[in-house]
Every structure is written in C-alpha cells, then in structure tokens.
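All remarks here apply to the structure that follows.
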Amino acid sequence: MRMVDLIELKKNNGEFNKEQIQFIIDGYVNEKIPDYQVSALLMAICFNGLTAKETALLTQAMEYSGDIIDLSMIEGVKVDKHSTGGVGDKTSLVLGPIVAACGGKVAKMSGRGLGHTGGTLDKLESIPGFNIYKEKDEFIKQVNEIGLAIIGQTASLVPADKKLYALRDVTATVSCIPLIASSIMSKKLASGADTILLDVKYGKGAFMQTKEDAKVLAKTMIEIGKHCGKDTRATISNMNQPLGNAIGNSLEVIEAIHTLKGKGPKDLEELCLKAGSTMLVQAKLYENEDSAYKALKEVMYNGQGLKKLKEMVKAQGGNVSYIENIDNFEKANVMIDLTSKQTGYIKTLEAKALGVVAMKLGGGRMTKDEDIDHRVGLVLNKKIGDYVVSGEPLLKIYARDKVSDELLEELYHAYEIVDEKVDRPVLIEEILK
Ligand code: URA
C-alpha cells in the first residue's frame, strides 16, 4: 500500500476500508508516514469528509494506537462525561461529586486548557497539593472506595490523537466534524468507561459555531459509541456566553464549591443536574431522568456532593481546608470592577473574548508548556438578559498587576448593551441519544 494512492483516493472522494485506515494510523504513529503526507490527507478529509463507517474505523484504529484502560476491577457501571470545551466550564467539578454521591462510579481522565478554553486539571491544581497523576491501581482503588477520581491522561493513551491533533492545529484542519468526533471518541473509548455523556457546546465560545453543527457532531459521536457497544448520549448546550460567572482556575473552583452548597449560578446548577440525571439513567441507577434529577438536587443541597469533593481532594493529596474555607485560596494582587458606560439590557456577551482576556491575565496558556497563575480571571456580574445601570459593575477583574486600558477596552467590547428587553438564552437545547 502507498500513502500517495490513499491521498489520491480521498481527493477523489473515495471510501477507505479497514486495512487502509489501519495502514495510515500505524504508519503515522510509527513514523513511517511523514507529516506532509498526513497533512494532505487531513485537508482532503476536510473537503470530502468521511462516511460513518470510515469515521468509526478511524476512531477504533486511533483508540488501539496506545494503551487501553481496563476499568473492569471497578464495581458497578463506570460513567464518563466529556465537554467539547468552553469558557467558565467547571461542570466536572460539580457533576463528578454529585453523580458519585448518588452511587455513580466516575473514573475520569481530564485535560488541560489551551487557548481561550479552560481545563479541569488546571482548575483542580489550584487546590494546593492536588495530584493529577495516579498509578492505575491507585486510581481504581480510589474509585472503588469513594466513587470518584479525576486524573490526567497518561502519555500512552491514544498516541495517534496526540500526533494528529498537533498536526491539525497547524494545518487548519481542526474544525472538521469527523476528525473532531474520532479524536474525542478514541480517547473516551480508550479510557474504559461503560457509558459516555458528551456535552457538545455551540456558539461564539465553542468549537461548533451553530446549533446545527453541534447536533451533527453529537450524532456522529453517538453513532461511533453505538458501533462500539457503549451507551453514548449528548447534551447540546449554548456557549454564546460563559457558563456560570467565574472564569479562571481558583475562581472556578470556588464557584463549584458554592454550587455544591446549592448557592451557585442557576445555569451551572441546571446543566449539572440535567447532565447528571442522564448519566445516572445511563448507569441504570435510576429508572428515569426525573427521579435522578431529584436525587442529584438533594445531594447538591444537603452537603453530600460537597463531601464527595472533599473525599476526592483528600485522596489525591489536596489540602481539604481550602474546600472547607474558600478564604484560604490566595487572592489576586489587583481586583477591579469594569463598570458599564450605558444603561440597558445585555444583548451579547462574547464568551471567547472573555476567555482570551482571562488567558492574557495569566490564567491560561498561549503555548503548551507555559505556567499559569491560578488566582487570576474574571467574575461576571451581568449576563445576557440582565439589566444594567450606567456606573454599575459588569464584572470584576482579578489580576497579577495593573490592568492596561487596552485590556479594559477589550473586555468592554465583549458586552453589547441595548435599550430593548432581551430574553435569557436557553442553556440546554436538547439531549440526544
Ligand atoms: N477536542 C478534542 O479532543 N479533539 C478535537 O479534535 C477537538 C476538541
């Protein structure tokens, strides 16, 4: 088989078989096929797509390119959840504990943030001592004992995706639905859970700009999951504005703690309860979403969810006193309000622009190996549909040092304020299965 013939085949809109896809993935991982040939193929895929069968075959070839995590030593149904990424998305910090408090087994491998989107691991590391590295046996023991562990992906998990994603990033081939679907699903399948819930986001702060594209991506991933015998479902949620109010690592952990006391922002609470009910039904722990929702709300308001978070933090070496008393989190040096220059209703709140500012403040990475400052970020005071009076704060900035006028301007431009009343956006559009 020759790679050049396979590029030609896809250029002419042909369909690959299993052997051809295996040849490409093996050849690329083993460095027999060079980047430039794979780049050409990726671009041909962007233009001509992959069939559902090709996408499933590609996902499986990628899944088996490295280690597969065997979670069979964990008793019960192992549930996993994945978000396609957004701004202020601290769902896992709330969802993991409440699902575990209702009997779910959450053995989760998460990622770091890159660009304007945050990552669960960076958020957890703002708790001093929290260790995201665990040997497999320890990881399994922790989930068996407390029902919850969140760790980093090992280097040997889906090496094909690591190489392909890095190449896609520099060849303008990230935004291609079959490539995104196979990238996400290969990692989820290799992580070994029995059920998968995908939170597919759309809007200005997400990978998918439109609801329609988000649904196509969700359906593509659900099909892959079905093909591999896993119960896979998806929430389609709006990321035109940040989720909750906090953006930035320790600020988001603090917001997650408030939410686990029943005092969090309503949009975050609602997403966690809805996604969590689907996960508990997938795990067959509850017969329907309504009864699961009730149980989750109870543990969110009676402290059982917060107790689970504390148990996980303790088991992973973190200082639990930070969860018990949020005042222990180190404060940013500078805290200032961005005030409104107009009176009216918030019509637009650009999630991506806010994510970029949080990153520039030092809360995110522009390159993979950069250090981040866990203290910095933004806390929103006003969101879409809210009324604001001139002079009132729109948000608070948490910074290392003086905030430039340029950055303040950039932030102010993230808001559009109009005279007419604006409806609050619907957060969860649909749940697909
Ligand atoms: N997240 C992934 O893991 N892969 C993609 O291709 C896009 C988002």
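A few points about this structure:
- Residue among Lys204, Lys163 that is more than 9 Å from the ligand (Cβ to nearest atom), within 24 Å of Lys352 (Cβ to Cβ) and in contact with a helix residue (DSSP H, G or I) (Cβ under 7 Å, 6 or more places away or on another chain): Lys204
- Number of residues in segment 163-181 that are surrounded by fewer than 19 Cβ atoms within 10 Å (Cβ to Cβ) and out of contact with any Ser or Thr (no Cβ under 7 Å at 6 or more places or on another chain) equals 7.
- Test: residue in segment 187-197 that is farther than 22 Å from Gly103 by Cα, outside any helix (DSSP H, G or I), modelled with pLDDT of 95 or more and within 15 Å of the ligand (Cβ to nearest atom): no
- Every residue from segment 109-124 that is within 15 Å of the ligand (Cβ to nearest atom), at pLDDT 90 or above and crowded, with 24+ Cβ neighbours inside 10 Å: Met109, Thr120
- Any chance Val158 is more than 30 Å from Cys46 (Cβ to Cβ) and touching a residue at least 60 places away in the same chain (Cβ under 8 Å): no
- Scanning segment 362-383 for residues that are surrounded by 24 or more Cβ atoms within 10 Å (Cβ to Cβ) and part of a helix (DSSP H, G or I) gives a single hit, Gly363.
- The residues of segment 278-310 that are out of contact with any helix residue (DSSP H, G or I) (no Cβ under 7 Å at 6 or more places or on another chain), surrounded by 21 or more Cβ atoms within 10 Å (Cβ to Cβ) and not in a helix (DSSP H, G or I) amount to a single one, Ala283.
- Restricting attention to segment 47-74, the residues that are among the hydrophobic types (A, V, I, L, M, F, W, C), in a loop (DSSP other than H, G, I, E, B) and within 19 Å of Thr173 (Cα to Cα) add up to 1.
- Checked against the criterion of being closer than 30 Å to Leu280 by Cβ and of a type in the set (Lys, Arg), the candidates Lys396, Lys360, Lys308, Lys382 yield just one match: Lys308.
- Among the conditions (1) under 26 Å from Leu296 (Cβ atoms); (2) more than 16 Å from the ligand (Cβ to nearest atom), the only one that Glu138 does not satisfy is (1).
- Taken over segment 55-108, the criterion of being under 30 Å from Pro242 (Cβ atoms), among the hydroxyl-bearing types (Ser, Thr, Tyr) and within 14 Å of the ligand (Cβ to nearest atom) is satisfied by Ser83, Thr84.
- Flag if Thr154 is under 21 Å from the mean Cα position of the chain (by Cα), among the hydroxyl-bearing types (Ser, Thr, Tyr) and within 16 Å of the ligand (Cβ to nearest atom): yes
- In segment 96-108, the residue that is surrounded by the most Cβ atoms within 10 Å (Cβ to Cβ) out of those that are assigned to a helix (DSSP H, G or I) and of a type in the set (Gly, Ala, Ser) is Gly96.
- Selection within segment 207-219 - within 15 Å of the ligand (Cβ to nearest atom) and part of a loop (DSSP other than H, G, I, E, B): Phe207, Gln209
- In segment 307-349, the residues that are farther than 30 Å from Ser390 by Cα and touching a Lys or Arg at 6+ places or on another chain (Cβ under 6 Å): Val320, Ile323, Glu330
- Among the residues of segment 2-25, the ones that are touching a residue at least 12 places away in the same chain (Cβ under 8 Å) and either in the same structural domain as Leu167 (by TED's automatic domain parsing) or assigned to a helix (DSSP H, G or I) (or both) come to 14 in all.
The values are calculated or read from the model by the stated rules, or taken from the named source; none is laboratory data. Quick caveat, the model's predicted, so the values are computed rather than measured. Heads up, the Cβs are rebuilt from the backbone with ideal geometry, glycines too, and the neighbour counts pull from every protein chain shown.
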